[in-house]
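What follows is a set of notes on a single structure, which appears directly below.
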Amino acid sequence: LFPLQMQLLDKFPIEGGQKDPKQRIIPFLPGKAILFRRSHVRDVAVKRLKPIDEYCRALVRLPPHISQCDEVFRFFEARPEDLNPPKE
């Protein structure tokens, strides 16, 4: 998610608020959770699902020149490992 965010901010500096923060329409990334023990990896992942979902929903609601740009399409494109995820 972070590489996509950086690409969008570079490609759309006005919409990213680089010149005027009041003009920012690109959503902020949800904060990273702090991980103390390996046993909490799943709990952290579950807690991050909602903020990441909200970020993605906000992203696809942006004007088409952003929401339909190549970077966003590539990010949401299905990959072979998405269709056949590894078994736990």
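As I understand it, the value is the acute angle between the Cα axis of helix 41-60 and the longest principal axis of the Cα atoms of the chain; what does it come to in degrees, rounded to 10?
Helix 41-60 and the main axis of the chain meet at about 20 degrees.
Give me the one-decimal nm value for the distance between modelled label points at GLN7 and ALA58, 7 Å along each residue's Cα-to-Cβ direction.
2.0 nm
Multiply the residue separation of LEU49 and LEU83 by 0.36 nm, subtract the distance between their alpha-carbon atoms, and state the gained length in nm to one decimal.
10.3 nm
Please list, in order along region 68-85, the HN-Hα scalar couplings obtained from phi with the Karplus expression 6.51 cos²θ - 1.76 cosθ + 1.60 (θ = phi - 60°), rounded to whole Hz, x for Gly and Pro.
In residue order, the calculated couplings are 10, 6, 4, 4, 5, 4, 4, 4, 8, 5, 5, 10, x, 5, 6, 7, 10, x Hz.
How big is the Cα convex hull of the chain in projection, averaged over all directions, in nm²?
If I average the Cα hull's projected area over directions, I get 7.2 nm².
In the chain, what is the count of Lys pairs whose alpha carbons are under 20 Å apart, counting only pairs at least 8 residues apart or on separate chains?
On the way: LYS11/LYS19; LYS11/LYS22; LYS32/LYS47; LYS32/LYS50.
The number of close lysine pairs in the chain is 4.
What's the angle, to the nearest 10 degrees (0 to 90), between helix 2-11's Cα axis and the longest principal axis of the chain?
The answer is roughly 10 degrees.
Quick note: the coordinates plus some simple rules give every number you see, no bench work behind them. Because the structure is a prediction, the values reported are computed rather than measured. For neighbour counting, all protein chains shown are included, and Cβ atoms are generated from backbone atoms with ideal geometry for every residue, glycine included.
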